[in-house]
Structures are given as structure tokens and as C-alpha cells.
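A quick write-up on the structure given underneath.
The values are calculated or read from the model by the stated rules, or taken from the named source; none is laboratory data. These figures come from a predicted structure and were not determined experimentally. Heads up, the Cβs are rebuilt from the backbone with ideal geometry, glycines too, and the neighbour counts pull from every protein chain shown.
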């Protein structure tokens, strides 16, 4: 083993340890931290981030990487060593471009913007958030300026979440998708709506929680290397491939959402648990991109968890626990109810058929903001017009419109499209999986998920950040990210449910 | 404000953040971490410790401290600034003496010694632990060699836990205490034993837990800045004056131990919550020594929590929750039962009258080990002989004898005496408190603890590490640590309970 590579791994290990520590501090902040701890926690996180950034951008790392690039110039690019150096170098090149004064300024502006957003949303008053979002947009433009000119300025933002992905790629994909989805929603709207009142009855929280936990275990989420705790929002976070945790919540008005959130977060968690342990404490740890990550969570939540075969196995169990709530509700009625399509205002509550349209709307606005083609002050009006155009509904206020998402307040412009891309990738992988695994539906019907999880481990999980998302999808499915499989999936599913 | 002091505070703040992060990682390891996370957690903690140590021993800190000592040479030594510089300089002087290779070697040896101790204890076989303890003793002697010669080599070890305290001081204190305690125990042994069977009935865990929690709230432990979680052993840990947590456990065979552990840990926690918030992220944060810390935990657990006035208020409440278990048990009988004296083998289960003798035994052995006057191989025999001499009982095996405590396995030689000193300080403070607060018993009888907590905040807590323990005790009570108040306290209490 190369002496220099060992040196690099030593430093990468320390950076990884610092980042894992910060992640645990973040997890604690959302789960158990008493309210009083908030201010000190902010300082602790800032210090960890600062030291981690100092190490990641040190001259020592830069020099090592230069030398290693030469040393491994002839190595197989798909070897672990070459990948480790390539990804570490990419992270380094990005990190050194951003001056630490900018990072400090960004922290201050986004902290204030977040506070303003909370207030603006609670009062449903965009004008409170507007000056802060203007500053955030200036920040984002300044950030872009640190990088070499790309085909489109938005490319620089997107690349942080989807390495190698271009704005034009995403636009092309979405342009193929949009008309089909709009058409599908219209067709569904013309049909009789399905009944789902029984989903909104009173369900016992503890019983829902343990039903959800059991499903994640059956999926293959390893609880000796994970756990599920209560938090205001469901999320997944990891501190090692052997310590990957999820959180969940219970909403009395939507009790079974806890079950689907558990499947979703377990999908993320199984990805992280399945990464090659040899990548621990290197630049290759964690999933390769947000879209590929989302493909895993959405696959377990939707392709598996909202499928008929799945509930053929689990519905009798659910009915045993909630006999009175589900009295007289057939499997098919339950299946239809959990797949009800209804254009709605809030992205996070959207069904599979309408979800991507919420994303497309946001992507268009973000690109236009970065291009300077729309002014922040006009956002609410444009938002509402697009909602009307895509989904046929108009938000009654900004809280349920342009103010609903947290992302912009902390400067995350470029993030949203990964949600929709994740949906597409999930269906694209699913078609390939069903070619490779004969009788998968039958396995699912028996509550068996090990062949599926094994396939995902082998083809997706174990690689960590070794391959860029588009390359990984190409390698596994034979083509780059494409909307067709998702359109086929939606059309088949809803034709059955709504009798299209 | 001095420019250089600001620079020092900046660095101290970062060191404090790193240490707080490490403490949270340690808390998580004991409370929620899934088993799989252990190995990665060890690496994360090692990295945080390494970076913290690098910062704490940097030339920059050394230079700043030298300059600040000159700049503040004429300042009031009791000013916050002077104290901050003094304590930071003490920490620095200690840290730079210990080479980092030694720290690395120590980590390896004590990790192995800990594993050997776990095995030795489970098999009750001292020979498994013996070679490791020999290495630990060599480490300890090497550690001592890094420091200037003291009156006694053990002074160097003691100073890490009780700054400024000398071995001779502790020996003098214990020599005054030992005959009185032995005499008291003999007198008690001649009396009729109290009845406590009702303490060992079946109690509902959840109810015990919430009763314990309620008591800590009534004491004044602030749950908006703290919480109580389950862990294998009760402990207190803090990440800020505004985030001070305790842990607890439930042992079915000794159900009410949970209540007393909660009082004990809340005593530690209220100390940390009461430190001047201006000391946050400086060298003055945390309690001044282990003995003073223990004086706080033992005061709330014993002086308050095992007193008759306390249970005059709480016993009717306890009886309401555990009506069947305590049926026919009078307040006085309950009070006697929770104060039962009985020489026993295990330190952590010892009552107030016998506890200090367990400590004295350990101190004598440690000093003799450091002096080279006893060989490790003879420890079990000497241990058993001393148990016979002090407590009149002989351990049937090493697990219940010389192997019972974890401390030596991780190299903590010098620690034990602080437990006994804490008991003494608690009684010494208590006499002063009862001079200052008239009718304190009556307040306690009404469940009022705010005057008491206010006194402790003002006289002890707020100072953090500003004063050395002996100086603090002197300042508050008019004399250095002395055994007389504790002897008076025990004699009065047990004369009543056992009719001496």
C-alpha cells in the first residue's frame, strides 16, 4: 500500500470522524437535546465544521493529492484506490475555492434567513422573508462565481448534490416527464375518487410505531446497527456504516404516515448500511448523490411499500392490530386508499402522481432566480400561477405556497430536483431488478425482501461514492437517468386503481 | 478587554467545544448507540481527544499564556480574568509535560487492561488482570516522572482530581476519621438491626422512574436544561451550563436505588447548571474538583434525601404510589430502613457509615503500590485482610473483592479518596448552611429547596473552577477539609436510628 495514500487516509479518517461527531450532535439536537442546549450546540457545530474545513483544505492535503494523482495515474479508474483519490480530489478542489470568510458570512446570513422564514411562514407573510431571500440569492451567485464558468450557472449548484449532472440534462428529463404527468393527473381527475376516510381515524401511536419498526426489520434494516427515534421531521443520519439511524414522527391526523416514513427512511438507511466497510473513514463513504439516495428511499416506500403484493402480506397483520379502524375495508380498498391521487398544496404530502410537478415548479423558479429573470418580490405570484397551471389549484396564502419549504432559507438552491430524479431512478432500477429477479412480486407477497436487498447492496449500495450518479445508473441499467420507466410505472399503477 | 485574552478565549472556546462534543459522544455511547457503533465511536473519540490535546498544548497557547501572566500580574487574583488565566496555565503546564507518545501508549495499555479486567471480574480470577495492572502501575509511575518531584509521588496523581491537595493532607484527614467510624460501626453492630424487607418488594419501574424525576424537579434541577435517560450506570455529564444531563438505571432487586441515584446525579447536575454562564467555553467551566462535586451529590442524596424532614414531605406521596408495598410501614420505619447500616463487600452499595472505610482501604493500597511497598500479586490477600480488619468481613472471591472497581483498569489511580472527601465536605458545608439558613429543616419538611439551592449556587456552584477545592472550602466554611462535621453528622443520625 502506498505510503502517501496511507497519509491521505489518516487525514481523511480524522475529517470523517469530525463530520460524524457533528452529525451526532445534529441528531441529538433533533431528538433528545433539552431546549436550553441550543445556543451551545450551535457553537459546537460551528467549531467542528471549522476544524473539519481547515483540515480538508490544508496545503498538506493538496500536496498529497497532487502526488497521489501522479502515483496512481495508470491505475484502473474503478479500483478503490483510484476512486478514493479522485473523489477526495474533487471534494478538495471544491472546498479550497470557497474562502472561509465567505463560509462565515454565509452562516450568519442563512441563520438570520432561517429565523425570518420561520416567522414569515407562521404569519404567512412573504414580505418578512423577502429581503433575506434576496441576500441568500446574492450569496448563491457569489458562490457560483468561485467556480469556473459552466454551461449554465445553475450547473455549479446542482453539482454539489448530483456530481456531474447538468442543468440541461435535468431540463431535458423533466421536459419529457411533465406532459405525461399532467396528462395522467387529468385522466385521474376525470374518474371517481377513491375512499380513504378509514385512514384518518384514531390509531394508537405506540402500535403504529411498532408496526412501522417491524416493517423496517423485515425489509432488512439492521437494528443492531441502527435505531428509530422521535423527531419533529423524519430523517436518516449516519456516523459509521455500523451506526445508521432514522427518525420518525406521529401525526394524529395522518397516523399511517408514520409507517410510510419508516419505510422511506429505512430505504436511506439500508443504503448507508450497505456501503463497503472498507470505505469507512474515507471520501467514498455515504451515498453517491441525493437522487440515488432518494431512489432507495422511494423504492422501499412506494415501489415496494405502496404495492399490492406488499400489502397482501402485511394487510392481514395490520388488520389484526387495527381491527376496528379497518373493519369492512378490503385489501383492494386499502391499497387504493394509500395510493389516492389528489392535487394538493404541500409538496411533502403529495402523492406519487403529483409529487414531481411540485419539484418542476421549484426547479423552474430556481433557475430563473439564478438567471436573474425573475425578481424575488414576484415569487409568490409566479408560484401561485404555476400551481394553477400544473396542478389546477391556487394556494390561499403564502404559508401554503412559496413559504412552505425550508430549503431556500438555509441557502440550499439546487437541491429540489434530486427528489424527482430519485423517483425516476427508483423506477428505472425497478425495471432492471424485475428482469434480474424472477418472481420478485411473489417474494414480496411472502414478506421476503432479502433477494431485493441483496441486489441493491451488490449493484448500488456497496459502491458508496465510487461512481457518479449518472455513471452508476448507466452501469446498472444500461442508460442514464430517463423518465420512461417512471411514466410506465405510474401509468400501469393508476390505470388499475382508477380504471383509466 | 485585553486583545490577548480574547485570543486565548477563542482557542479555549474551541477546546471546550471539542470536549463537549466528545462528552456527547460518550453520553450517546452509554444511552442510545446501537451495539454496532462501538468501534467507530472509539475512533471518533480518539480523534476529538487528539485534536483537543494538540490545541491545548500548542505553542500559540503557551506564548499567549506567558504574555497574559505578565499583563495580568497586578490584577486581583479573584477576578475572573486572573482566575481564567491561572487555571488555563495550570491545565497547559500539565498537558505539555505529558508526551503524546505516552498518551498513545497509555490508550493502548488501558484499553487492554480494561478488557482483561472485564474478563477477570466475570471469572473472578485476579491472575488474568494482574499482568495488566502491573503495566498500568508502570504507566502511572512514568506519568509521575514527567512532573517535578513532590512531597510524595502520589501527590502528582491526586492533584489531577483535587488540585492543590497533598497525600499527607488526605492521610491526616483519614487518620482522624478512621477510628471514629470503626467505633461507630461496632456500636451499631451491637444493636438490633432495622427491618427493610419492604424496600425489596416488587416496585413498578415506570412509577419509580417518574417519582425519582419529580424529586429532582422539586430540588431545582432544571429540566429545560437537562434530562434523565437510561444507562448501565448512573452518571452526570454536561455539554454546556444549559445542557447538563443525568442517567439512571432500575434494578428490580433494589428498586428504590433509582430514587437515590436520581438525587445523587441531580446534585452533580445542579452544580454544573449553577456555574457562572460567563465561564462557558473557558477553563473555568465545570466543578472545581471531584471531592467538591461529590459533596454536592452526596448532600442531596444523603444529607437531604435520607433525612427525616425530607421524607416527612415525600413519604405520604411515595405511599400513595406504592400503597401495597408500603402498607403498614410507618414514616419512622421507612426512614430507618433507607439508613440501614451493614458492613458489606461492595463499595457502591455501601451505606453512609461504612462507605468511607472502603475508600480508606483503596487509598492505602494505592499509596503502597506507588511507593513500591506492595507487589501487585499480593493485592488480593492484602485487600481481604484489610476488609476483615475494617469491616469485619472477608470477600468470598476476587470479583467481590479486589476486582470490584473499574478505576484501576483505566489507569485512574488517585481518584478514590475524592469520594470520601466529598462526604466530609458535604457535612462541613451542611453545618455552615444550617447556621446561615434558619429553619432549613422546616423548609425541607414542606418540600422547599430553593433557599438551600440558592445558597449552594452563591457559595459553591457559581465559582466553577475559580478556586481550588481547599481554598473554596476554607472560604465558605472557615476551615479546610476536616472530618469532624461528618463524624458529628453520622453520630447524631445513627444514635437516633440505632438508639446508641
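A few points about this structure:
- Listed by position, the helices (runs of 4 or more DSSP H) contained in region B:143-239 that have at least 1 residues being modelled with pLDDT under 95 and either under 30 Å from residue A:45 (Cα atoms) or more than 24 Å from the chain's Cα centre (by Cα) (or both) are B:167-189.
- Some residue of region A:457-469 being surrounded by 15 or more Cβ atoms within 10 Å (Cβ to Cβ), within 29 Å of residue A:217 (Cα to Cα), in the same structural domain as residue A:188 (by TED's automatic domain parsing) and without any contact (Cβ under 8 Å) to a residue 40 or more places away in the chain: yes
- Any hit, region A:104-112, residues being part of a helix (DSSP H, G or I), surrounded by fewer than 16 Cβ atoms within 10 Å (Cβ to Cβ) and either within 14 Å of chain B (Cβ to nearest Cβ) or in contact with a strand residue (DSSP E or B) (Cβ under 8 Å, 6 or more places away or on another chain) (or both): yes
- The condition of being more than 14 Å from every other protein chain (Cβ to nearest Cβ) and either touching a strand residue (DSSP E or B) at 6+ places or on another chain (Cβ under 7 Å) or part of a helix (DSSP H, G or I) (or both) does not hold for residue A:50.
- Qualifying residue in region A:255-269 (condition: more than 19 Å from residue A:356 (Cβ to Cβ) and in a loop (DSSP other than H, G, I, E, B)): yes
- The one condition in (1) assigned to a helix (DSSP H, G or I); (2) out of contact with any helix residue (DSSP H, G or I) (no Cβ under 6 Å at 6 or more places or on another chain) that residue A:129 fails to fulfil: (2)
- Residue in region B:151-167 that is loosely packed, with under 15 Cβ neighbours inside 10 Å and within 30 Å of residue B:388 (Cβ to Cβ) present: no
- In region B:271-301, the residue that is farthest from residue B:434 (Cα to Cα) out of those that are over 14 Å from the mean Cα position of the chain (by Cα) and more than 14 Å from chain A (Cβ to nearest Cβ) is B:283.
- Within region B:218-228, tally of residues that are at the interface with another protein chain (Cβ under 7 Å from one of its Cβ atoms) and touching a strand residue (DSSP E or B) at 6+ places or on another chain (Cβ under 8 Å): 3
- Condition met for residue B:211 (within 25 Å of residue B:274 (Cβ to Cβ) and more than 14 Å from chain A (Cβ to nearest Cβ)): yes
- The single condition among (1) more than 24 Å from residue A:161 (Cα to Cα); (2) without any contact (Cβ under 8 Å) to a residue 24 or more places away in the chain that residue A:380 does not meet is (2).
- Residue match in region B:79-95 (condition: within 14 Å of chain A (Cβ to nearest Cβ) and outside any loop (DSSP other than H, G, I, E, B)): no
- Where residue B:113 falls short, out of the listed (1) within 30 Å of residue B:65 (Cβ to Cβ); (2) touching a residue at least 12 places away in the same chain (Cβ under 8 Å): (1)
- Residue that is surrounded by the fewest Cβ atoms within 10 Å (Cβ to Cβ) [pool: residues in region A:240-254 that are away from chain B (no Cβ under 11 Å), touching a residue at least 40 places away in the same chain (Cβ under 8 Å) and not in a strand (DSSP E or B)]: A:253
- Selection within region B:21-48 - closer than 17 Å to residue A:229 by Cβ, in contact (Cβ under 8 Å) with a residue 60 or more places away in the chain and in contact with a helix residue (DSSP H, G or I) (Cβ under 9 Å, 6 or more places away or on another chain): B:24, B:27, B:32
- If you go through region A:1-33 and keep only what is outside any helix (DSSP H, G or I) and at pLDDT below 95, you end up with A:1, A:2.
- Test result for residue B:438, free of Cβ contacts under 8 Å to residues at least 24 places away in the same chain, surrounded by fewer than 17 Cβ atoms within 10 Å (Cβ to Cβ) and in the same structural domain as residue B:295 (by TED's automatic domain parsing): yes
- Residue count for region A:385-421 under the criterion of being over 27 Å from residue A:172 (Cβ atoms) and more than 22 Å from the chain's Cα centre (by Cα): the result is 7.
Table: residues versus (1) in the same structural domain as residue B:334 (by TED's automatic domain parsing); (2) touching a residue at least 24 places away in the same chain (Cβ under 8 Å); (3) closer than 30 Å to residue B:11 by Cα.
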{"position": "B:224", "(1), (2), (3)": "yes, no, yes"}
{"position": "B:233", "(1), (2), (3)": "yes, yes, no"}
{"position": "B:237", "(1), (2), (3)": "yes, yes, yes"}
{"position": "B:258", "(1), (2), (3)": "yes, yes, no"}
{"position": "B:270", "(1), (2), (3)": "yes, yes, yes"}
{"position": "B:274", "(1), (2), (3)": "yes, yes, yes"}
{"position": "B:284", "(1), (2), (3)": "yes, yes, yes"}
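Condition check ((1) closer than 22 Å to residue A:54 by Cα; (2) free of Cβ contacts under 8 Å to residues at least 60 places away in the same chain) across all residues:
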residue: A:108; (1), (2): yes, yes
residue: A:122; (1), (2): no, no
residue: A:132; (1), (2): no, no
residue: A:142; (1), (2): yes, yes
residue: A:150; (1), (2): no, yes
residue: A:153; (1), (2): no, no
residue: A:160; (1), (2): yes, no
residue: A:167; (1), (2): no, no
residue: A:175; (1), (2): no, yes
